[in-house]
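The values are calculated or read from the model by the stated rules, or taken from the named source; none is laboratory data. Worth saying up front: this structure is predicted, and the values here are computed from it rather than measured. Neighbour counts run over all protein chains shown; Cβ positions are idealised from the backbone, glycine included. Note: areas computed on protein heavy atoms with side chains; ligands, DNA, RNA excluded. Shrake-Rupley method; radii C 1.70, N 1.55, O 1.52, S 1.80 Å.
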Amino acid sequence: MVNLPEESLIVVESLFKSFEDGEILKNINLNIKEGDLVSLIGPSGCGKSTFLRCLNCLELLDSGYIRIGKVELNRHPGQKPDEKMIATAHEMRSEVGMVFQSYNLFPHKTVLQNVMLAPVVVKKMNPDKAREIAMTQLEKVGLKEFAGKYPGTLSGGQSQRAAIARALAMNPMVMLYDEPTSALDPQLVGEVLQVMKALDAEGMTQIIVTHEMQFARDASDYIVFIDAGEIVEYDDGDILFTNPKKDRTREFLRHFNGMGMAVNC
């Protein structure tokens, strides 16, 4: 294991992940500092979502090393998962909040009940305390007045903001988003992205798989371009969008020239 600076909240080394149809992630190495907002971009099927799922231990890495905070998960090639590895994966998952494309809110529970549920069930938190935390998080995402409503009455943007509040209620060290705006109408995208910007201002560490290139460029501390399961390059958004170093990055970004993102080719 390489000695790394303490300010690296997330450390990924030599991460590999395969499924039956082939290798998805190939030797991923990445350090992310506390408070960074990092956007993952790349073509569909390149491994971005799988990388997030490995960080959240929804998928167990085949081999490599992941550290989030002080929780370390290490797996050697061919090593079978044992009880200790599975327990570590559960511990790591507790440090991470995850927001998906679909909101996965329980339709028979109010917005407040949805946000309270995990702290009460998973953390065995006192319901009154969970309610207080849930209301704080709903206020943070602009949904305090919707606490008593049911998910079926919310817009897509409101539902996604409720899903973010639900993840925040577990007090994660890191927030992960898997294309959180892809299912939204264009006019609703901005309200979700604004929540991420506000969390960034508060110092929350966030990793976002996104196709919202303007947001990625404007809001990210840096952008990681992934293609065919590999990190091709990463850099500050202004640099990566205007002067990418790799041909694969240039080819991908040509599709976004219409957004005013000139790419020097």
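Just order 133-145, 37-49 by mean Cβ neighbour count inside 10 Å, highest at the front, would you? Mind dumping the intermediate values first?
Numbers: 133-145: 18.8, 37-49: 21.3.
Those peptides, ordered most packed to least, come out 37-49, 133-145.
Gain in length, Val122 to Lys245, computed as 0.36 nm per residue apart minus the alpha-carbon separation, to one decimal in nm?
Residue separation times 0.36 nm, minus the Cα-Cα distance, leaves 39.7 nm.
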Over what distance in Å are the Cα centres of region 29-107 and region 183-249 separated?
18
So with the 1.4 Å probe, I'd like the accessible area per residue for region 1-127, rounded to whole Å².
51
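Of all alpha-carbon pairs in region 149-265, indicate the percentage at a distance above 22 angstrom. Before the final figure, lay out the partial values.
On the way: 2709 of 6786 pairs.
Looking at region 149-265, the distances longer than 22 Å represent 40 percent of pairs.
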The answer for Leu9, listing residues at least 5 apart or on another chain whose modeled amide H is closer than 5 Å to its amide H, is Ile32, Lys33, Glu34
Please give the solvent-accessible surface of Arg93 in Å², to the nearest 10, using a probe radius of 1.4 Å with every protein chain present.
70
Given an 8 Å cut-off on Cα distances and at least 6 residues of separation, report the relative contact order of region 24-73 as a percent.
24
Quick check: residue separation of Ser44 and Asn27 times 0.36 nm, minus the Cα distance between them. What number comes out in nm?
4.2 nm
If I ignore ligands, DNA and RNA and count only protein heavy atoms, how much of Arg250 is accessible to a 1.4 Å probe, in Å² to the nearest 10?
50
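By accessible area of protein heavy atoms, probe 1.4 Å, what ranking do Lys17, Lys124 get, highest first? Don't skip to the answer; put the middle values down first.
Details: Lys17 20, Lys124 160 Å².
I get Lys124, Lys17, largest accessible area first.
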If you put +1 on each Lys and Arg Cβ and -1 on each Asp and Glu Cβ, how big is the dipole of the chain around its Cα centre, in Debye rounded to 20?
720
Give me P(r) over region 110-185, computed from all C-alpha to C-alpha distances, binned every 10 Å, as integer percentages.
21, 52, 25, 2
Sequence-separation-based contact order of region 158-259, relative, with Cα cut under 8 Å and 6+ spacing, percent:
20
So what is the diffusion coefficient of region 1-138 in µm² per second by Stokes-Einstein at 4 °C and 1.567 mPa s, using a Kirkwood Rh over Cα pairs?
76
Enter the accessible area of His211 (Å², nearest 10), with the probe set to 1.4 Å and all protein chains included.
80
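May I ask for the equivalent-ellipsoid semi-axes of the chain, computed as the square root of five times each C-alpha gyration tensor eigenvalue and listed largest first in whole Å? Walk me through the intermediate numbers first.
Working: eigenvalues 178, 125, 49 Å².
After diagonalising the Cα gyration tensor, the semi-axes are 30, 25, 16 Å.
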Return a whole-number percent for the relative contact order of the chain, with Cα pairs under 8 Å and 6 or more residues apart as the contact set.
23
